[in-house]
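To start, the structure itself, in structure tokens.
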Amino acid sequence: MAYETIITETRGKVGLVTLNRPKALNALNLQLLAELVAAVKDFDADAGIGAVVITGSDKAFAAGADIKEMQAISFADAYLQDLFVGWEDLTRVRKPVIAAVAGYALGGGCELAMMCDFIIAADTAKFGQPEITLGVIPGMGGSQRLTRFVGKSKAMDMCLTGRMMDAAEAERSGLVSRVVPAAELVEEAVKAAAKIADFSLPSVMMAKEAVNRSYETTLAEGLRFERRLFHSLFALEDQKEGMTAFAEKRKPNFANR
Ligand code: CAA
């Protein structure tokens, strides 16, 4: 499929999606949403792909939802079309998705990064929820996901003042998993994705499912859920292979990847 707002490529078993609206700093319009969701779903369904990386440009991962597209929308339109509900599709992708963020990740851009499974940031990254400066609030999960990542005080600070967080603060606060030099960002993210793609895919998908469950349930339920998934993995050859390879001091050769 030919896309106009994103570029897709594969690097071995990694699907790489680059947001590509440079003149609008990758502002997230409805076309980009549709294309990104379609591309990531295609990678999710592709047996040759084990993990996905979403990135932007050096200047901007994404500077937010497209303000010019939203400017004239009425309440009725926003409500009736349930504006932005489509982004939830990205959180239903079952293979791991890594956000590789350089430059601005603002508003919907920060929210898109937080919908991914983890964020690798360039040292140039800047995160923010500046919607308050536009007379609105985050609409793609910022008030909920940012609070879970960085806690109430910082989330309130970001959502109420609209200030940006640099990469060092984002790492300190637990918003990003690691910070790398900007020139190495995509390479590092693809390397992390390739490492994941080399493990047993059912284990990888269950690890993702288990961590995500911790956000949706009680500790007791989450622990039971994790244990049942853990037990189920003993039904796979990959568990025998992984543990035998360890005992034999060799690299495992997983069947399901
Ligand atoms: N929507 C539409 N266009 C955008 C945009 C956005 N979110 N962000 C930047 N652009 C456009 C600018 O209008 C400009 O276009 P023109 O050349 O046609 O004027 C172009 O991208 C370059 O931007 P700037 O000239 O502003 O670049 P800069 O380097 O001076 O500033 C910036 C960069 C600080 C990121 C600034 O562009 C900015 O503040 N952008 C808006 C950030 C924002 O408020 N994001 C939240 C959006 S609302 C949202 O996301 C709601 C939600 O929760 C879902």
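The values are calculated or read from the model by the stated rules, or taken from the named source; none is laboratory data. Everything numeric here is computed off the predicted structure, so don't read it as measured data. Every residue, glycine as well, gets a Cβ built from its backbone with ideal geometry; the counts of neighbours run over all protein chains shown. Ligands, DNA and RNA are stripped out before the accessible areas are found, and what is left, the full protein with its side chains, is counted by its heavy atoms. Shrake-Rupley method; radii C 1.70, N 1.55, O 1.52, S 1.80 Å.
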*Quote the relative contact order of the stretch 1-61 in percent (integer), defining contacts as alpha-carbon pairs under 8 Å separated by 6+ residues.*
42
*Of all GluC sites (Glu not before Pro) in the stretch 1-48, which ones are in loop regions per DSSP and have a Cβ with at most 10 other Cβ atoms within 10 Å?*
E4
*At a Förster radius of 41 Å, what calculated FRET efficiency corresponds to the Cβ-Cβ distance of L134 and L219, to the nearest 0.05?*
0.60
*asked:* Quick check: with the 1.4 Å probe, what order do Y104, Y215, Y79 take by accessible area, largest first?
replied: Y79, Y215, Y104
*F118 accessible area, 1.4 Å probe, all protein chains in place, Å² to nearest 10*: 60
*asked:* As a test of the formula, what do you get for the chain when each DSSP H run with n ≥ 4 contributes -39,500 (n - 2.57) and the sum is divided by the residue count, at 222 nm and rounded to the nearest 500 deg cm²/dmol?
replied: -12000 deg cm²/dmol
*Dimensions of the stretch 193-257 along principal axes (Cα, Å, largest first)?*
39, 24, 17
*asked:* Helix 237-247 against the longest principal axis of the chain: what's the angle in degrees, Cα atoms only, rounded to the nearest 10?
replied: 70
*Choice from I54, I73, I98 with maximal GNM fluctuation in the chain (Cα, 10 Å cutoff)*: I73
*What dipole magnitude, in Debye to the nearest 20, does the chain give about its Cα centre under +1 on Lys/Arg Cβ and -1 on Asp/Glu Cβ?*
720
_Need one number: nm distance between label points at D58 and H231, each 7 Å from Cα along Cα→Cβ, rounded to one decimal._
5.4
_I'd like to check one number: the per residue accessible area of the chain, probe 1.4 Å, reported in Å² as a whole number._
53
*Förster-model FRET efficiency, 35 Å R0, D82 and N20, C-beta, rounded to 0.05*: 0.85
*For the stretch 48-136, state which trypsin sites (Lys or Arg not before Pro) are in a DSSP loop and have at most 16 other beta carbons lying within 10 Å of their beta carbon.*
K59, R94
_So for the chain, averaging the separation of alpha carbon pairs under 8 Å that are six or more residues apart and normalising by length, what relative contact order in percent results?_
17
*Counting only DSSP beta bridges with both residues in the stretch 71-193, what percent are antiparallel, rounded to the nearest 5?*
25
*Kirkwood estimate for the chain, i.e. one over the average of 1/r between Cα atoms, Å*: 19.2
*Any chance you could run the full-extension gain for D89 through A245? It's 0.36 nm times the residue separation minus the Cα-Cα distance, nm to one decimal.*
52.4 nm
*Give the carbon-plus-sulfur fraction of the accessible surface of the chain in %, rounded to a whole number; probe 1.4 Å, heavy atoms of protein chains only.*
57
*Any idea what the dipole of the stretch 1-125 comes to, in debye rounded to 20, about its Cα centre with Lys/Arg Cβ at +1 and Asp/Glu Cβ at -1?*
280
_I want to check the label-to-label distance for K68 and M156. Put each point 7 Å from Cα in the C-beta direction and report it in nm to one decimal._
3.8
*asked:* With a cut-off of 8 Å between alpha carbons and a minimum separation of six or more residues, what is the relative contact order of the stretch 13-153 in percent?
replied: 24
*Any chance you could check the Cα centroid distance between the stretch 185-257 and the stretch 49-68 for me, in angstrom?*
27
*Would you calculate the separation in nanometres between label points at R172 and Q144, each defined as 7 Å from the Cα along the Cα-to-beta-carbon direction?*
3.0
*What length, rounded to one decimal in nm, is gained on full extension from I7 through to E187, with 0.36 nm per residue of separation minus their alpha-carbon distance?*
63.2 nm
